[in-house]
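Chemist: Let me give you the structure first, and then I'll get to my questions.
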Amino acid sequence: MKKKRYGFGTEAVHGGEEKGFLYNPASTPIYQTSTFFFSDMQEAAEVNQGRKEGFVYTRIGNPTIKAFEDKMAILEGGEAAQAFSSGMAAISAVLLEILRPGDEIISSSHIYGGARSFFDNILRKLDCPVRYFSPLEDLKKKIPALITKKTRLIFFETPSNPELSIIDLKLISGIARKHKIVSVIDNTFATPYLQRPLVSGIDCVIHSATKYIGGHGDAIGGVVAGSGDFIARLRKNMLLNLGACASPFNAWLFLRGLKTLHVRMEHHCRSAEKIADFLKRHPKVKGVLFPGLKDHPGHAVAKRQMSAFGGMVSFGLPGRSSCRRFIDNLHICRLGVSLGDTETIVLNSALMFHSEISDAACRRLGIEPTLIRISTGLEDPEDIIEDMKTALKAV
Ligand SMILES: Cc1ncc(COP(=O)(O)O)c(C=O)c1O
């Protein structure tokens with residue numbers, strides 16, 4: 001893997017930003033174009049056949065999107081990166097590229113619901129069964145026990161959405177290498193600022209760029225970082241045939257977002273620590289999930305493999321009606337499904353998506369019905385804590 005040459009902030013600001021655009025602009029231009037023209041047939045043939053540098057059609061390449069990909073590859077410590085139209089487009093492209101009918105997958109059960117739905121609905125149709133493990137199990141024993149001759153890929157998140165459970169990156173990369181299976185992580189919650197899985201031997205990193213990478217809640221996108229060979233295959237097979245390309249404008253927003261990622265993440269992480277500490281001491285709160293807390297089961301591993309504990313905090317309240325009262329009495333925090341934005345966003349999945357089913361049925365789906373997920377924003381944490389304190393009085 002490519003070595004990191006400068007500090008993260010320096011790479012975030014300068015990395016991947018090509019010099020030499022017309023008029024030397026400070027900001028990479030937005031190449032808002034579908035196609036690129038050629039001066040004659042010879043140039044068209046050379047560019048199309050890869051003998052001359054250039055771009056052909058934005059679905060398979062564009063200078064603004066390339067700048068985003070190059071910056072992302074540098075920040076993740078990968079050889080290359082590929083942008084997609086969404087995090088789900090990135091996840092589905094990676095899995096469809098790696099798997100063949102009959103292959104088996106091992107996955108953490110603590111993953112984003114959309115990924116789980118893709119596994120259980122689409123991959124099942126392709127005859128690729130998924131065997132799940134819980135990050136709370138003894139993974140040194142559990143994962144090898146799930147591996148068969150057909151296992152081709154292991155998929156996981158750390159920290160996970162929304163339980164914030166932690167998985168040891170080196171443990172997974174070690175098992176994957178030993179058994180010759182591909183390891184794939186969704187690194188959306190940590191971002192490359194807090195954790196660089198490729199450097200720990202993981203094969204492929206996926207992000208929903210919609211979250212911290214964009215950071216302002218204004219663009220949907222995804223990106224994959226990994227080896228040059230794998231990214232070239234992904235582009236050739238998946239982008240060309242499935243077509244879920246990023247838009248130049250969104251790539252520009254992600255480029256801009258990455259330039260301040262380190263500064264924003266510092267604030268998100270500091271706020272999350274303060275909010276977790278407040279919730280932990282509140283008598284109405286039932287359990288706080290935050291990897292920075294010493295009693296979190298993944299604390300020691302998170303401390304070893306992350307530079308800080310992230311901007312997400314989850315906590316429980318006594319029942320669904322308490323969750324509803326808490327959320328409906330917040331004035332600064334916003335209620336919504338996304339995360340990693342400037343605003344603090346809270347979510348309770350059971351009330352929002354599964355209000356018609358019982359708590360027990362929710363738990364069978366892997367959803368803790370009274371769990372509230374907080375994505376800490378860039379507001380002053382003292383104001384957020386005050387907002388939560390007032391809302392908890394209504395519980
Ligand atoms: C951890 C994680 N991965 C992937 C996704 C999917 O990303 P997108 O919404 O950009 O498709 C999400 C969305 O919430 C997510 O939280």
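Chemist: What number of residues within region 215-242 are within 28 Å of residue 311 (Cα to Cα) and surrounded by fewer than 24 Cβ atoms within 10 Å (Cβ to Cβ)?
Modeler: We begin by selecting, within region 215-242, every residue within 28 Å of residue 311 (Cα to Cα); these are 215-226.
Of the ones still in play, those that are also surrounded by fewer than 24 Cβ atoms within 10 Å (Cβ to Cβ) are 216-220.
Residues meeting the conditions: 5.
Chemist: While we're looking at this one, here's another question. What helices (runs of 4 or more DSSP H), lying completely within region 216-320, carry at least 2 residues that are among the acidic types (Asp, Glu)? Show your work before the answer.
Modeler: Details: elements: 228-233, 248-259, 261-281, 299-305.
The qualifying helices (runs of 4 or more DSSP H) are 261-281.
Chemist: Name the residues in region 114-150 that are closer than 21 Å to residue 197 by Cα, outside any helix (DSSP H, G or I) and in contact (Cβ under 8 Å) with a residue 40 or more places away in the chain, would you?
Modeler: 135, 136, listed by residue number.
Chemist: Give 294, 274 a once-over and let me know the one that is surrounded by fewer than 20 Cβ atoms within 10 Å (Cβ to Cβ) and touching a helix residue (DSSP H, G or I) at 6+ places or on another chain (Cβ under 7 Å).
Modeler: Details: 294 fails: touching a helix residue (DSSP H, G or I) at 6+ places or on another chain (Cβ under 7 Å).
Answer to the selection: 274.
Chemist: When both residues are 6+ apart or on different chains and their Cβ atoms are under 9 Å apart, which pairs have a first residue that lies in region 71-100 and is assigned by TED's automatic domain parsing to the domain that holds residue 227, and a second that is part of a helix (DSSP H, G or I) and among the hydroxyl-bearing types (Ser, Thr, Tyr)?
Modeler: 75/191; 75/193; 84/92
Chemist: Sort through 340, 366 and tell me the only one that's within 16 Å of the ligand (Cβ to nearest atom) and modelled with pLDDT of 95 or more.
Modeler: On the way: 366 fails: modelled with pLDDT of 95 or more.
Selected residue: 340, the only one of 340, 366 that is within 16 Å of the ligand (Cβ to nearest atom) and modelled with pLDDT of 95 or more.
Chemist: Next question, about the same structure. Going through 226, 174 one at a time, which residue ends up being out of contact with any Leu (no Cβ under 9 Å at 6 or more places or on another chain), away from the ligand (no atom under 16 Å from the Cβ) and touching a residue at least 24 places away in the same chain (Cβ under 8 Å)? Before you say what the answer is, go through the steps one by one.
Modeler: Numbers: 226 fails: out of contact with any Leu (no Cβ under 9 Å at 6 or more places or on another chain).
Criteria check complete, one pass: 174.
Chemist: Given the structure, is residue 160 over 27 Å from residue 229 (Cα atoms) and touching a His at 6+ places or on another chain (Cβ under 7 Å)?
Modeler: Here the answer is yes, as residue 160 does meet what is asked.
Chemist: Kindly check whether there is at least one residue in region 55-75 that is more than 16 Å from the ligand (Cβ to nearest atom), in a loop (DSSP other than H, G, I, E, B), of a type in the set (Phe, Trp, Tyr) and at pLDDT 95 or above.
Modeler: Within region 55-75 (the criterion being more than 16 Å from the ligand (Cβ to nearest atom), in a loop (DSSP other than H, G, I, E, B), of a type in the set (Phe, Trp, Tyr) and at pLDDT 95 or above), the answer is yes, since at least one residue qualifies.
Chemist: Every residue in region 84-113 that is aliphatic (A, V, I, L, M) and within 13 Å of the chain's Cα centre (by Cα), please.
Modeler: Keep residues of region 84-113 that are aliphatic (A, V, I, L, M), which gives 88-91, 93-96, 98-99, 105-106, 111.
Across region 84-113, the qualifying residues are 88, 89, 90, 91, 111.
Chemist: Another question, then. Please state which one of 295, 218 is within 14 Å of the ligand (Cβ to nearest atom), more than 15 Å from residue 82 (Cβ to Cβ), among the acidic types (Asp, Glu) and modelled with pLDDT of 95 or more. Quick ask: steps written out before the conclusion?
Modeler: Working: 295 fails: within 14 Å of the ligand (Cβ to nearest atom).
Going through 295, 218 in turn, just one is within 14 Å of the ligand (Cβ to nearest atom), more than 15 Å from residue 82 (Cβ to Cβ), among the acidic types (Asp, Glu) and modelled with pLDDT of 95 or more: 218.
Chemist: I would also like to ask the following. Does residue 278 fit the bill of being among the aromatic types (Phe, Trp, Tyr), in contact (Cβ under 8 Å) with a residue 60 or more places away in the chain and within 16 Å of the ligand (Cβ to nearest atom)? Walk me through it before giving the result.
Modeler: Numbers: among the aromatic types (Phe, Trp, Tyr): yes; in contact (Cβ under 8 Å) with a residue 60 or more places away in the chain: yes; within 16 Å of the ligand (Cβ to nearest atom): no.
Considered against the rule, which asks whether it is among the aromatic types (Phe, Trp, Tyr), in contact (Cβ under 8 Å) with a residue 60 or more places away in the chain and within 16 Å of the ligand (Cβ to nearest atom), residue 278 comes out as no.
Chemist: Under 6 Å between Cβ atoms, which residue pairs at least 6 apart in sequence (or on different chains) link something in region 317-334 that is assigned by TED's automatic domain parsing to the domain that holds residue 382 with a partner that is assigned to a strand (DSSP E or B) and surrounded by fewer than 18 Cβ atoms within 10 Å (Cβ to Cβ)?
Modeler: Going by the 6 Å Cβ cut-off, the qualifying pairs are 327/335.
Chemist: Moving on. So in region 95-127, with the set limited to residues that are of a type in the set (A, V, I, L, M, F, W, C) and within 17 Å of residue 179 (Cβ to Cβ), which one is surrounded by the most Cβ atoms within 10 Å (Cβ to Cβ)? Spell out the reasoning first.
Modeler: Step one: of region 95-127, the residues of a type in the set (A, V, I, L, M, F, W, C) are 95-96, 98-99, 105-106, 111, 115, 118-119, 122-123, 126.
Then drop every residue that is not within 17 Å of residue 179 (Cβ to Cβ), which leaves 98-99, 105-106.
Working: 98: 21, 99: 18, 105: 24, 106: 27.
Per the criteria, the residue is 106.
Chemist: Evaluate region 139-154: report whether one residue or more is crowded, with 20+ Cβ neighbours inside 10 Å and under 20 Å from residue 221 (Cβ atoms).
Modeler: no
Chemist: Evaluate the following for residue 89: is it within 16 Å of the ligand (Cβ to nearest atom), within 27 Å of residue 61 (Cβ to Cβ), of a type outside the set (Val, Ile, Thr) and not in a strand (DSSP E or B)? Spell out the reasoning first.
Modeler: Values: within 16 Å of the ligand (Cβ to nearest atom): yes; within 27 Å of residue 61 (Cβ to Cβ): yes; of a type outside the set (Val, Ile, Thr): yes; not in a strand (DSSP E or B): yes.
The answer is yes for residue 89.
Chemist: Another question, then. Kindly indicate whether any position in region 256-264 is under 27 Å from residue 219 (Cα atoms) and in contact with a strand residue (DSSP E or B) (Cβ under 7 Å, 6 or more places away or on another chain).
Modeler: Taking region 256-264 and keeping what is under 27 Å from residue 219 (Cα atoms), we get 256-264.
When the remaining residues are screened for being in contact with a strand residue (DSSP E or B) (Cβ under 7 Å, 6 or more places away or on another chain), the result is none.
Within region 256-264, not a single residue is under 27 Å from residue 219 (Cα atoms) and in contact with a strand residue (DSSP E or B) (Cβ under 7 Å, 6 or more places away or on another chain).
Chemist: For region 308-337, give me each residue that is within 16 Å of the ligand (Cβ to nearest atom) and of a type in the set (Lys, Arg).
Modeler: Within region 308-337, 334 is the sole residue that qualifies.
The values are calculated or read from the model by the stated rules, or taken from the named source; none is laboratory data. Since the model is a prediction, treat every value here as computed from it, not as a measurement. Positions of Cβ are generated from backbone atoms using ideal geometry, with glycine treated the same way; all protein chains shown enter the neighbour counts.
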